[in-house]
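Structure record follows, encoded as structure tokens.
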Amino acid sequence: MTTDANLVDGNERVLGSTDVRVGAVSFGCWRFTGTDEAGDAALIEHALDLGMNLVDTADVYGLDWGGSGFGANETALGDVLRRHPSLRDRMVLATKVGIVPGVPYVSDPAYLVTATEASLRRLGTDYVDLLQIHRPDPFTHPATVAEALARLVERGLVRAVGVSNHSPSQVRALSTHLALHRMSLTTNQPELSALRLNALRDGTLDMCMELGITPLAWSPLSGGRLATGHNVPKALNATLRRLGAREGVSPAVIAVAFVLAHPARIVAVVGSQNPQRLTELAAATNVHLDRVDVYAIIQASDGTPLP
Ligand SMILES: NC(=O)c1ccc[n+]([C@@H]2O[C@H](COP(=O)([O-])OP(=O)(O)OC[C@H]3O[C@@H](n4cnc5c(N)ncnc54)[C@H](OP(=O)(O)O)[C@@H]3O)[C@@H](O)[C@H]2O)c1
């Protein structure tokens, strides 16, 4: 066995047990403010042209990053889709519900249905390809969450269902109840980057591989820190720089490639709103990282050698 085999899988991913294919790098809308009519459409089109066809938003996006409040991000994306309907057909549109400012988490079944209907109105679309429960609400029984999700799928408002920030046991509990409706979870969306390795170690990715769930990694650049190097351990910056120099790419591209190297066939949800940077990050699919490289990144991130 060789240790220099390339672990980075830049091929398209099939989402869960569906036949929906998405790029290994996808486009996150959290920082999409919708302030420039022509630029907004061009940005979305550029992401799609790069193969970033999974477009990830949430009803709560818009409370920060220049948005005007709850729902603003979906409205901005919906405005682009209303003006350029052909873009809708090219994207796998994913949104999230379940965060309610001031509560903060609600997965009550009636609320999930109302919130999804409101998201569809803002997005100006009849259905979303993927509806995700944004954060777990431990005060709702997973049987009733499954029931609400099944109702939304039956009504054709939602094609597939997923979760975000759910622990392995929360994923298992909801999966068990969804199975009673002949449904399965398609995705789980944890934070994962060279700086945030929890999902690699807490069973999140193992559970995805066990159940055939596609992981969507949020903030693969740790919100930009892995690109700028700010507040990143020196050893990690040095390792990303060294590998970047070897591969002829920036440290940010190495950070995205690191996420694509895991065998759970993760989709990296990048958040740049800059077309040139999106082009740069898309090149992560062509980077070569072997076992020695990924363990060098992990040990530099940990600041200690692995046992
Ligand atoms: N499920 C959840 O709870 C959750 C939480 C957070 C995020 N998300 C999802 O994950 C997506 C990505 O999150 P994220 O935006 O934090 O992702 P990220 O890709 O880790 O960070 C994006 C940030 O990095 C900056 N950046 C990228 N390349 C750079 C470079 N070379 N130099 C300087 N800055 C650079 C971007 O600025 P520019 O725009 O200027 O390039 C942007 O501000 C979100 O859009 C959302 O869909 C989900």
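The values are calculated or read from the model by the stated rules, or taken from the named source; none is laboratory data. The structure displayed is predicted, hence computed values, not measured ones. FYI the Cβ positions are ideal-geometry reconstructions off the backbone, even for glycines, and counts take in every protein chain you see. The area values use the complete protein model at the heavy-atom level, side chains included, leaving out ligands, DNA and RNA. Shrake-Rupley method; radii C 1.70, N 1.55, O 1.52, S 1.80 Å.
Observations on the model:
- Between Gly156, Gly16, Gly28, the GNM of the chain built on Cα springs shorter than 10 angstrom shows Gly156 fluctuating the most.
- Within a Gaussian network of the chain (alpha carbon springs, distance under 10 Å), most fluctuating of Ser86, Ser107, Ser193: Ser86
- Bridge type composition, the chain - antiparallel percent by DSSP, nearest 5: 10
- Calculated accessible area for region 73-196 comes out at 41 Å² per residue, all protein chains present (probe 1.4 Å; ligands, DNA, RNA ignored).
- Rolling a 1.4 angstrom probe over the chain with all protein chains present gives an accessible area of which 53% lies on carbon and sulfur atoms.
- Taking the chain as a Gaussian network of alpha-carbon nodes connected by springs under 10 Å, the highest mean-square fluctuation of the residues Arg122, Arg83, Arg265 belongs to Arg83.
- Solvent exposure of Ser119, expressed as accessible area, is near 0 Å², computed with a probe of 1.4 Å over the protein chains only.
- Amide H partners (placed H, <5 Å) of Ser26, local residues excluded: Ala268, Val269, Val270
- Volume per residue of the C-alpha convex hull in region 20-222, rounded to whole Å³: 115
- Gain in span if fully extended, Ala110 to Asn231, counting 0.36 nm per residue against the direct Cα distance: 39.3 nm
- Efficiency of FRET between Arg82 and Ala5 - r from beta-carbon atoms, R0 51 angstrom, step 0.05: 0.60
- Calculated FRET efficiency for the pair Gln299/Arg151, C-beta based, R₀ 41 Å, to 0.05: 0.30
- Label-reachable residues, region 75-110, where backbone N falls under 20 Å from a point 7 Å from Ala38's Cα toward its Cβ: 77, 79-87
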